[in-house]
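Okay, structure first, notes after.
The values are calculated or read from the model by the stated rules, or taken from the named source; none is laboratory data. Predicted model only: the values in this text are computed from it and were never measured. Positions of Cβ are backbone-derived with ideal geometry, glycine not excepted, and every protein chain shown enters the neighbour counts. All accessible areas refer to the heavy atoms of the entire protein, side chains included, with ligands and DNA or RNA removed. Shrake-Rupley method; radii C 1.70, N 1.55, O 1.52, S 1.80 Å.
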Amino acid sequence: MNTGYLIQKVLRALVTLALVVTFIFIVLRVTGDPVSAMLPDDTDPAIIEQMREDWGLNQPLWKQYVDYWAGIARGDLGTSFLDGRPATAKILERIPKTLQLTITSFAFMLLVGAPAGIIAALSRNRWPDRTIMTISVSGFSLPNFFLGILLILVFSVWLRLLPSASSGDLKSMIMPVFTLGTAGAGVIARFVRSSLLEVLGKQYVRAAIARGMPLHQVVLRVALPNAAIPTITIVGFMIGTLIAGSIVTETIFSWPGVGRLLITSVTARDLAVVQAGVMMIAATMIVANLLVDLAYFVIDPRIRFGSSGERQ
Amino acid sequence: MPLSVSGLGVTIEQEGGHLPILQDIDLDVAAGRIVGLVGESGSGKSVFCLASMGLLPERWRTDGTVAINGKTVTGRARRTIEEARGREAAMIFQDAGASLNPIATIGGQLVDTIRRLRDVRTGEATEIAMELLEHVGIPEPQRRFREYPFQLSGGQNQRVLIALALAGRPRLLFADEPTTALDVTVQAQILDLIGRLRDETDMGVVFVSHDLGVIANICDEIAVMYAGRIVEYGPTEAILRSAVHPYTQGLIKSMPTKRGGRLHSIGGRVPLPAERPAGCAFAPRCPRRLDKCSEDLPALLRDDAGPTLRACHNPAEPVPAAVAEPVAAREAVPRAGDALMQLTGASCDYRIGAHGSFLSGHTLFRAVDQIDLDLGEGEAVALIGESGSGKSTVAKLALGVEAPSDGTVLFDGEPVPPVGSAAHRAFARSVQLVPQSPFLATDPRMRIGDQIREPLDIHGEGRAGERRDRVRALLDTVGLPDELARRFPHEVSGGQLQRVVIARALALEPRLLICDEPTSALDVSVQGQIIELLKTLRGQRGLSLLFITHDLRIIRSLCDRVAVMHAGQIVEYADTDDVFERPHHAYTRDLLAAVPDLATRAAPAARSAELAS
């Protein structure tokens, strides 16, 4: 068993996380003094000095960096400038809502995209294929903000069928999920189609057919698992676009999640909350990519056992 | 009758008409018989197998009838052939590794197939799978059962593929170049296995190969195919002894023999389906062409004198194989004083370890173990051995691609500089490589002339006009016309492209050419031309040559000495004639015996049993 692969991937994720945390620290320091940027120009210098001291900004840079890490270790990412509550608490209370939206969209993306791609591949160059591919191109060509506004216009303003803002019930989830998941479903449909077509042209598929395996079994048991390996990579990327897309989608549909909190915090220059939010998004991305690497490990024996050195 | 084919034709439907791929094939395969299909690439051998199994792409249309075990499978509902696959007829392919599902275990694939084809439960299927693995000669079947295809060698994967083919107890087996990707010794074992299974199960076998030596070793009957038709057919002995079709004779004359012989090749190439001439498709290449050959298609008729069928208007006198040509006198080259390339106690270690992870560490694998090898100015040396024996690593050491972990590698008295160093640039002018596949060694999007000129550009040789002249001279040297310079690699044949690669290697006038299997990617009919070219170049330019090869003709007609490698060591290094006539090392004897040859048509059972152990 190739445990080296696992250890390496986990270590790489940790190193990436440390680099991101450091990068956030640097960016927030080089973009100028946060205190003077936040307060009006005619503020009393004493107040500015006081705030600097409260936030530790008068310390040498290395000391600030060490304190910053110590804070992260304690789970303390500073307090919100708006209401004085801990930034982490403000983020954490919004996470369930965001997860509700992104996980549902992710499921929508896979459950619509993958079967569409399979149908397209199996009916290559015939009408189902052409129809699915046309829809998929339109799907990922429409930007989130446009699709979201279009849906509100049609279903809320004209037809008055769906609520335009979050109301907590399932009905209010339909449009946000569709907005967030459509692009991903389109990309996954295209990707599943092309990798399945590639696998179907492989010698081992022809050999399985020559052994009398019925076509549906060849597709389900031989071709799909093999086509899943490259598809997982793209699914990992799609998790990233889901998180980025959730910021826009939550704003459009007034969805009370992390994305909307981030937007309001940026507008209010609430740096501690922005910092915590960016860190959380980075951590999610890193974890998602780590999960992709682990999925390879489970699916592909060549990675699980290491494809070099064991041949005999 | 396991297979009965009559009037089989395959055409591709396309705009502007039908493209004929196979035409008018009649062939029967009786139980317990192995029928060989032989011919150059493009002759339709594989298409025949795929058509019989109903595996052709949808656009391809099949005419005529194919009956498997008496049941007609063509022109009926798809169900008929789908039910026959696996149970009545099975098929094995060239690259066994690529024919197995890479992410399923050996055992899983077997159990799955057995359950479906024999209608048994998993427990019973597992037992049958173990028996089959044992039956096809897989050592440690319990362990292999849980392993994946990438963990097995090419020969073992081919055995697994054969076990899978046997799962449904078929009466007919299509074997499409099953040994082409394997080492000669492994090839001998697989041929043995197929022969043994035929004896035990009495199944009929269609055996496809471009290698007449392999066909002659295993087949009872031979069908020679050319441009989609059978041109000569008969019992193996009769074909080898008294073939009368000029194409068959050409193929036989192109075959290497262990006694050496003048090199023969068939000029020209197999016409593409779209450019097949009216009349006999072989006519443009035929030395015995008559006027009516290019108008009138010859029918496949019984030969008056013998048991063979042939399609030819002007059949030749039979020329028995193997004794046809006298032994060629290899011009002896006196051993020069100093060695040009000298390896002394040279070793090369590779790190192996899981993904080169910095935590899991690594172990060292010694690919080349303390070898001594010297090659004099103007000398030609062959390096032979199975894959994994370290031949290619020796070539890498000689080219500076790998640095020796131990010992020295000297060229002209100086250590070979590592690739990337300033000194390597100068060294590369003197030592050049001719790789195995010209298709992989050329840039598909660059004109041939530009590719030959590239070394001159890199080393800043002469002015633009002079370089153009040099390219023209180089093309002339390798026997290619000027106008080829403007073409792209896909517009020329494999043999021509290998000449281009040789011309490019010669551009900087090197002193040593390292040739890695320079003929193995080419059709039998053109291999001889490349060997003759290298022979001429050697004579004209005093070029030194290091060959990595199994081609007996290269060894016999070109090489002064032969080094035999086994497990990283040189086990024998002697003059060519000595190695062939009086091999000292047991491994050398096995290796030479395993090369299929028209003269050794005998069951090689004892030999391969010994090798397998």
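Counting the residues of the stretch A:28-57 that are on the phi < 0 side of the Ramachandran plot, without any contact (Cβ under 8 Å) to a residue 12 or more places away in the chain and surrounded by 13 or more Cβ atoms within 10 Å (Cβ to Cβ) gives 2. B:Ser6 falls short on exactly one of the conditions (1) touching a helix residue (DSSP H, G or I) at 6+ places or on another chain (Cβ under 6 Å); (2) part of a strand (DSSP E or B), and that condition is (1). Summed over the stretch B:88-115, the residues that are of a type in the set (D, E, K, R) and at the interface with chain A (Cβ under 7 Å from one of its Cβ atoms) give a count of 1.
Of the residues making up the stretch B:43-65, those that are under 29 Å from the mean Cα position of the chain (by Cα) and either among the basic types (Lys, Arg) or part of a loop (DSSP other than H, G, I, E, B) (or both) are B:Ser43, B:Gly44, B:Lys45, B:Met53, B:Gly54, B:Leu55, B:Leu56, B:Pro57.
The set of residues in the stretch B:9-20 being in a strand (DSSP E or B) and either free of Cβ contacts under 8 Å to residues at least 12 places away in the same chain or of a type in the set (Asp, Glu) (or both) consists of B:Glu13, B:Gly17.
Given the criterion modelled with pLDDT of 90 or more and either in contact with a Cys (Cβ under 6 Å, 6 or more places away or on another chain) or among the hydrophobic types (A, V, I, L, M, F, W, C) (or both), identify the matching residue among B:Ala464, B:Ala473. Steps first, please.
Details: B:Ala464 fails: modelled with pLDDT of 90 or more.
Going through B:Ala464, B:Ala473 in turn, just one is modelled with pLDDT of 90 or more and either in contact with a Cys (Cβ under 6 Å, 6 or more places away or on another chain) or among the hydrophobic types (A, V, I, L, M, F, W, C) (or both): B:Ala473.
Taking the stretch A:5-27 as the range and being open to solvent by less than 80 Å² (accessible area, probe 1.4 Å) and either assigned by TED's automatic domain parsing to the domain that holds A:Met285 or under 13 Å from A:Asp293 (Cβ atoms) (or both) as the test, the residues that pass are A:Tyr5, A:Leu6, A:Ile7, A:Gln8, A:Lys9, A:Val10, A:Leu11, A:Ala13, A:Thr16.
Of everything in the stretch A:73-106 that is surrounded by 16 or more Cβ atoms within 10 Å (Cβ to Cβ) and aliphatic (A, V, I, L, M), the residue that is farthest from A:Leu39 (Cα to Cα) is A:Leu101.
Within the stretch B:261-289, the set of residues being surrounded by 15 or more Cβ atoms within 10 Å (Cβ to Cβ) and among the hydrophobic types (A, V, I, L, M, F, W, C) comprises B:Leu263, B:Ile266, B:Val270, B:Cys280, B:Ala281, B:Phe282, B:Ala283, B:Cys286.
Of the residues screened, B:Leu191 is one that is open to solvent by 10 Å² or more (accessible area, probe 1.4 Å) and either farther than 23 Å from B:Arg285 by Cα or in a loop (DSSP other than H, G, I, E, B) (or both). With respect to the conditions (1) more than 9 Å from chain A (Cβ to nearest Cβ); (2) among the acidic types (Asp, Glu); (3) not in a loop (DSSP other than H, G, I, E, B), B:Glu82 lacks only one, and its number is (1).
When every residue of the stretch B:190-203 is checked against the conditions, none turns out to be within 14 Å of chain A (Cβ to nearest Cβ) and either out of contact with any Ser or Thr (no Cβ under 6 Å at 6 or more places or on another chain) or at pLDDT 95 or above (or both).
Among the candidates B:Asp349, B:Asp372, B:Asp338, which residue alone is at pLDDT 85 or above, open to solvent by 80 Å² or more (accessible area, probe 1.4 Å) and in contact with a strand residue (DSSP E or B) (Cβ under 8 Å, 6 or more places away or on another chain)? I'd like the intermediate steps shown before the answer.
Working: B:Asp349 fails: open to solvent by 80 Å² or more (accessible area, probe 1.4 Å); B:Asp338 fails: at pLDDT 85 or above.
On inspection, the qualifying residue turns out to be B:Asp372.
Look at B:Phe174 and say whether it is part of a strand (DSSP E or B) and either within 11 Å of chain A (Cβ to nearest Cβ) or on the phi < 0 side of the Ramachandran plot (or both). For B:Phe174, the condition - part of a strand (DSSP E or B) and either within 11 Å of chain A (Cβ to nearest Cβ) or on the phi < 0 side of the Ramachandran plot (or both) - is met. Inspect all residues belonging to the stretch A:5-18 and state whether any of them is of a type in the set (A, V, I, L, M), more than 14 Å from every other protein chain (Cβ to nearest Cβ) and over 30 Å from the mean Cα position of the chain (by Cα). No, because not a single residue in the stretch A:5-18 is of a type in the set (A, V, I, L, M), more than 14 Å from every other protein chain (Cβ to nearest Cβ) and over 30 Å from the mean Cα position of the chain (by Cα). Residues that are small (Gly, Ala, Ser), more than 14 Å from chain A (Cβ to nearest Cβ) and part of a helix (DSSP H, G or I) are absent from the stretch B:217-235 altogether. Do you know which residues across the stretch B:118-153 are open to solvent by less than 50 Å² (accessible area, probe 1.4 Å), within 14 Å of chain A (Cβ to nearest Cβ) and in a loop (DSSP other than H, G, I, E, B)? Matches in the stretch B:118-153: B:Ile138, B:Glu147, B:Tyr148, B:Leu152, B:Ser153.
Please tell me if B:Leu173 is surrounded by 23 or more Cβ atoms within 10 Å (Cβ to Cβ) and either under 30 Å from B:Gly388 (Cβ atoms) or in contact (Cβ under 8 Å) with a residue 60 or more places away in the chain (or both).
yes
Do any helices (runs of 4 or more DSSP H) entirely within the stretch A:215-312 hold 2 or more residues that are of a type in the set (S, T, N, Q) and open to solvent by 40 Å² or more (accessible area, probe 1.4 Å), and if so, which? It comes to A:224-252, A:258-267, A:271-299. Scanning the stretch A:134-153 for residues that are aliphatic (A, V, I, L, M) and buried (at least 18 other Cβ atoms within 10 Å of the Cβ) turns up A:Leu147, A:Leu151, A:Ile152.
Just give me the residues in the stretch B:401-457 being assigned to a loop (DSSP other than H, G, I, E, B), of a type in the set (Ser, Thr, Tyr) and either surrounded by fewer than 20 Cβ atoms within 10 Å (Cβ to Cβ) or not assigned by TED's automatic domain parsing to the domain that holds B:Thr477 (or both), in sequence order.
Applying the first criterion (assigned to a loop (DSSP other than H, G, I, E, B)) to the stretch B:401-457 yields B:401-405, B:412-413, B:416-421, B:435-437, B:442-447.
When the remaining residues are screened for being of a type in the set (Ser, Thr, Tyr), the result is B:405, B:421, B:437, B:442.
Scanning the stretch B:401-457 gives B:Ser405, B:Ser421, B:Ser437.
Under 12 Å from B:Gly228 (Cα atoms), surrounded by fewer than 21 Cβ atoms within 10 Å (Cβ to Cβ) and either more than 14 Å from chain A (Cβ to nearest Cβ) or not aliphatic (A, V, I, L, M) (or both): is that true of B:Ser41 in this structure? Yes, satisfied.
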